[in-house]
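Q: Please see the structure below; I have some questions.
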Amino acid sequence: YFQVAGGLSFAFRLRFPPMFTDFMNLAKGVLSLDVLSLMPIGCITSNSNFHYNMLVYTFIPFFTGGCMLVLYSFLRLKNSDSSKKLANKIFGAFLAISFIILPSVSIKIFSNFACHEFDGGYGSYLKVDYSIDCDGTEHKIFNIYALACIIIYPIGTPLMYFLLLRRERKLLDPGQR
């Protein structure tokens, strides 16, 4: 949450009350869970503009999560108890990872839409990477990609949690119908 509030205020020029902003700035250094920023994306390739970083930020968790779910499904099909226990551990890890990366990936996705219009007709450029022209074809393609990522991450991940919890609601609170 700390990261989302700070990231969205930068991307969309939101102004929060000063007391809230001071608290967020103080807590951000301690409670930030941006584990994806630890990935050395710039060391992998020299072409590391914001679009490439967003592609890596969104594709690696999606691919890793997909592999985890395939392995989970494969292990659930086996009849042994040890396979089912391992499958449950893998699914638990999948849920934990998806929860941890959701704020940082969401900020990266929404930052793709934050353009800065310069005075004097100098054009519109991405706030997080002024080398990217917001009116260019490449950026328009990445806007479509970012919209797809919004469906997967900020909408799809909480929806997945909701559906999983709703399916098991009787086990969570036996007094409910």
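The values are calculated or read from the model by the stated rules, or taken from the named source; none is laboratory data. Please read these numbers as outputs of a predicted model, since none were measured by experiment. When we count neighbours, we look across all protein chains shown, and the Cβ atoms used for this are built from the backbone with ideal geometry, even at glycine. Each accessible area value is taken on the protein alone, full model and side chains, heavy atoms only, with ligands, DNA and RNA left out. Shrake-Rupley method; radii C 1.70, N 1.55, O 1.52, S 1.80 Å.
Q: Could you grab me the full set of residues in segment 109-135 that are assigned to a helix (DSSP H, G or I) and either of a type in the set (Gly, Ala, Ser) or open to solvent by less than 40 Å² (accessible area, probe 1.4 Å) (or both)?
A: If the condition is that a residue be assigned to a helix (DSSP H, G or I) and either of a type in the set (Gly, Ala, Ser) or open to solvent by less than 40 Å² (accessible area, probe 1.4 Å) (or both), then Ile109, Ser111, Gly120, Gly121 are the ones that fit.
Q: Related question: Which residue out of Lys84, Lys108, Lys78, Lys89 is at pLDDT 85 or above, on the phi < 0 side of the Ramachandran plot and within 11 Å of the chain's Cα centre (by Cα)?
A: Details: Lys84 fails: within 11 Å of the chain's Cα centre (by Cα); Lys78 fails: within 11 Å of the chain's Cα centre (by Cα); Lys89 fails: within 11 Å of the chain's Cα centre (by Cα).
One residue alone meets the criteria, Lys108.
Q: Read through the list (1) modelled with pLDDT of 95 or more; (2) more than 16 Å from Met54 (Cα to Cα); (3) open to solvent by 70 Å² or more (accessible area, probe 1.4 Å), then give the number of the only condition that Ile141 fails.
A: Among (1) modelled with pLDDT of 95 or more; (2) more than 16 Å from Met54 (Cα to Cα); (3) open to solvent by 70 Å² or more (accessible area, probe 1.4 Å), the lone unmet condition for Ile141 is (2).
Q: Identify, please: which residue in segment 63-72 is closer than 18 Å to Leu164 by Cα and touching a helix residue (DSSP H, G or I) at 6+ places or on another chain (Cβ under 8 Å) and is, among those, surrounded by the fewest Cβ atoms within 10 Å (Cβ to Cβ)? Spell out the reasoning first.
A: Step one: of segment 63-72, the residues closer than 18 Å to Leu164 by Cα are 65-66, 68-70, 72.
After this cut, where a residue has to be touching a helix residue (DSSP H, G or I) at 6+ places or on another chain (Cβ under 8 Å) as well, the list is 65, 68-69, 72.
Working: Gly65: 18, Met68: 17, Leu69: 13, Tyr72: 18.
Only one residue tops the list, namely Leu69.
Q: Taking Phe94 as meeting all but one of (1) in a loop (DSSP other than H, G, I, E, B); (2) under 24 Å from the mean Cα position of the chain (by Cα), write down the number of the exception.
A: Failing condition for Phe94: (1).
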